[in-house]
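Visitor: Below you'll find the structure I mean.
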Amino acid sequence: MIEIDGLQKRYGDKRALDGVSFAVRPGEMFGFVGANGAGKTTTMRILMGVLEADSGQVCWNGGPLTFAGRRRFGYMPEERGLYQKMKVAEQVEYFGRLNGLSAAAARSATADLLERLSLTGRAGDEVGALSLGNQQRVQLAVALVHGPEALVLDEPFSGLDPIAVDALVEVLAERCRAGVPVLFSSHQLDLVERLCDSVGIISAGRMVATGTVEELRAREGRGVLRVVVRDTAPGWAAGLPGTVTEKGDEVLVADVAGDGQDVLRAAAAAGRVEHFGWERPSLTDIFREAVA
Ligand SMILES: Nc1ncnc2c1ncn2[C@@H]1O[C@H](COP(=O)(O)OP(=O)(O)OP(=O)(O)O)[C@@H](O)[C@H]1O
């Protein structure tokens with residue numbers, strides 16, 4: 001288990017982290033989300049030992065995370081960092097060797113990952129000749145090649161096409177099933193909602209929400225009532241108990257008092273009710289609320 005406890009970090013006068021704590025359990029996919037500049041990269045850099053925290057600590061399986069422990073992690077840094085002149089397969093193998101694999105194991109793991117990430121046809125090309133999305137796939141292969149015990153990935157999905165996203169999702173899910181904790185940051189909240197067991201929302205250097213998407217949703221209450229009424233005059237919903245937004249025949253009522261039956265009665269009196277139901281808040285709604 002990765003445990004991050006009370007991280008504080010300043011850059012000069014700027015407070016980047018103000019007591020960041022969370023844990024990523026074995027086999028858990030943890031989505032780390034926050035606005036630009038919220039502190040995700042700083043947290044991951046401290047976790048990986050690239051930066052030192054002013055205070056707080058990072059633990060791995062109950063003890064402080066050491067240099068040797070970090071070598072068994074897979075890390076995809078924000079600044080990336082591939083050798084542009086090195087060939088794709090050579091490079092992935094090289095990082096595999098650097099992280100302790102035998103030549104044969106590095107070769108076999110590289111071939112497998114290139115296949116999974118649809119890069120086999122580019123194995124002999126220089127990395128610099130690849131598109132940015134394909135370089136990103138190579139960077140992912142580098143993070144994964146040595147069969148890491150934990151994964152820390154800074155925006156691994158940015159710049160990937162939907163097919164590459166699916167391929168990466170499959171590889172990460174497989175690692176999770178094998179018990180590997182996976183921490184990744186992303187601005188693609190729909191993807192985080194779909195993939196992650198747990199989510200941490202950071203805002204201005206503080207964790208403002210942590211839990212499963214369902215737990216975060218429960219904090220938001222029932223959500224919003226969505227009503228679609230046909231054959232009615234606009235404005236029928238104006239006096240409803242709640243915060244009303246009208247878009248043509250569709251009416252959204254937030255902050256509904258009571259069980260919503262008043263809204264249903266008013267809708268039925270106004271016209272032909274085609275839809276009436278609670279809309280569950282998406283992770284994007286939860287995020288907006290948490291960082292507001
Ligand atoms: N080397 C640095 N020197 C000074 N300030 C920095 C440095 N690195 C980060 N910061 C500041 O620390 C804060 C946190 O930045 P960080 O890069 O961790 O955010 P982030 O959540 O990863 O953002 P993004 O989503 O844009 O990648 C920001 O205000 C940023 O400007």
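Condition check ((1) modelled with pLDDT of 95 or more; (2) more than 16 Å from the ligand (Cβ to nearest atom); (3) within 19 Å of the chain's Cα centre (by Cα)) across all residues:
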{"position": "L98", "(1), (2), (3)": "no, yes, no"}
{"position": "L114", "(1), (2), (3)": "yes, yes, no"}
{"position": "S131", "(1), (2), (3)": "no, yes, no"}
{"position": "Q136", "(1), (2), (3)": "no, no, yes"}
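Visitor: Still on this structure, I have one more. So which residues in the range 63-94 are open to solvent by 70 Å² or more (accessible area, probe 1.4 Å) and either part of a loop (DSSP other than H, G, I, E, B) or under 24 Å from G124 (Cα atoms) (or both)?
Guide: Step one: of the range 63-94, the residues open to solvent by 70 Å² or more (accessible area, probe 1.4 Å) are 64, 66-67, 71-72, 78-79, 83-85, 87, 90, 94.
Across the range 63-94, the qualifying residues are T66, R72, E78, E79, Y83, Q84, K85, K87, E90, Y94.
Visitor: Considering only the range 239-251, state which residues are surrounded by fewer than 17 Cβ atoms within 10 Å (Cβ to Cβ) and within 19 Å of E274 (Cα to Cα). Before the answer, list the steps.
Guide: Initial filter on the range 239-251 (surrounded by fewer than 17 Cβ atoms within 10 Å (Cβ to Cβ)): 239, 241, 243, 245-250.
Correct list: T245, E246, K247, G248, D249, E250.
Visitor: Among the strands (runs of 3 or more DSSP E) confined wholly to the range 180-292, which include 1 or more residues that are of a type in the set (D, E)?
Guide: Numbers: elements: 182-185, 198-203, 206-211, 224-230, 243-247, 250-254, 272-279.
Hits in the range 180-292: 243-247, 250-254, 272-279.
Visitor: So in the range 25-52, with the set limited to residues that are more than 8 Å from the ligand (Cβ to nearest atom) and touching a Gly at 6+ places or on another chain (Cβ under 9 Å), which one is most open to solvent (accessible area, probe 1.4 Å)?
Guide: Looking at the filtered set, the residue picked out is P26.
Visitor: I need a count of the residues in the range 140-169 that are within 16 Å of the ligand (Cβ to nearest atom) and open to solvent by less than 10 Å² (accessible area, probe 1.4 Å).
Guide: Residues that pass the stated criteria total 5.
Visitor: Specify which of the listed residues (V142, V224, V171) is more than 15 Å from R25 (Cβ to Cβ), in the same structural domain as V251 (by TED's automatic domain parsing), out of contact with any Cys (no Cβ under 7 Å at 6 or more places or on another chain) and touching a residue at least 24 places away in the same chain (Cβ under 8 Å). Outline the logic, then answer.
Guide: Details: V142 fails: in the same structural domain as V251 (by TED's automatic domain parsing); V171 fails: in the same structural domain as V251 (by TED's automatic domain parsing).
Being more than 15 Å from R25 (Cβ to Cβ), in the same structural domain as V251 (by TED's automatic domain parsing), out of contact with any Cys (no Cβ under 7 Å at 6 or more places or on another chain) and touching a residue at least 24 places away in the same chain (Cβ under 8 Å) holds for just one of V142, V224, V171, which is V224.
Visitor: Residues that are out of contact with any Asp or Glu (no Cβ under 6 Å at 6 or more places or on another chain) and within 15 Å of the ligand (Cβ to nearest atom): does the range 61-71 have at least one?
Guide: Pass one, the range 61-71, residues out of contact with any Asp or Glu (no Cβ under 6 Å at 6 or more places or on another chain): 61-71.
Keeping just the survivors that are within 15 Å of the ligand (Cβ to nearest atom) gives none.
So far as the range 61-71 goes, no, none of its residues is out of contact with any Asp or Glu (no Cβ under 6 Å at 6 or more places or on another chain) and within 15 Å of the ligand (Cβ to nearest atom).
Visitor: Could you list, in sequence order, the residues of the range 174-221 that are among the β-branched types (V, I, T) and over 22 Å from G27 (Cβ atoms)?
Guide: So in the range 174-221, the residues among the β-branched types (V, I, T) come out as 180, 182, 192, 199, 201-202, 208, 210, 212-213.
If the condition is that a residue be among the β-branched types (V, I, T) and over 22 Å from G27 (Cβ atoms), then I202, V208 are the ones that fit.
Visitor: For residues in the range 10-24 being of a type in the set (G, A, S) and near the ligand (Cβ under 7 Å from one of its atoms), which is farthest from G211 (Cα to Cα)?
Guide: Keep residues of the range 10-24 that are of a type in the set (G, A, S), which gives 12, 16, 19, 21, 23.
Cutting the leftovers down to near the ligand (Cβ under 7 Å from one of its atoms) gives us 12, 16.
Working: G12: 32, A16: 22 Å.
Result: G12.
The values are calculated or read from the model by the stated rules, or taken from the named source; none is laboratory data. If you're wondering where the values come from, they're calculated on a predicted model, not measured in any experiment. A quick note on method: Cβ atoms are made from the backbone with ideal geometry, for glycine too, and the neighbour counts reach across all protein chains shown. Please note that ligands, DNA and RNA were not included when accessible areas were found on the heavy atoms of the full protein model with its side chains. Shrake-Rupley method; radii C 1.70, N 1.55, O 1.52, S 1.80 Å.
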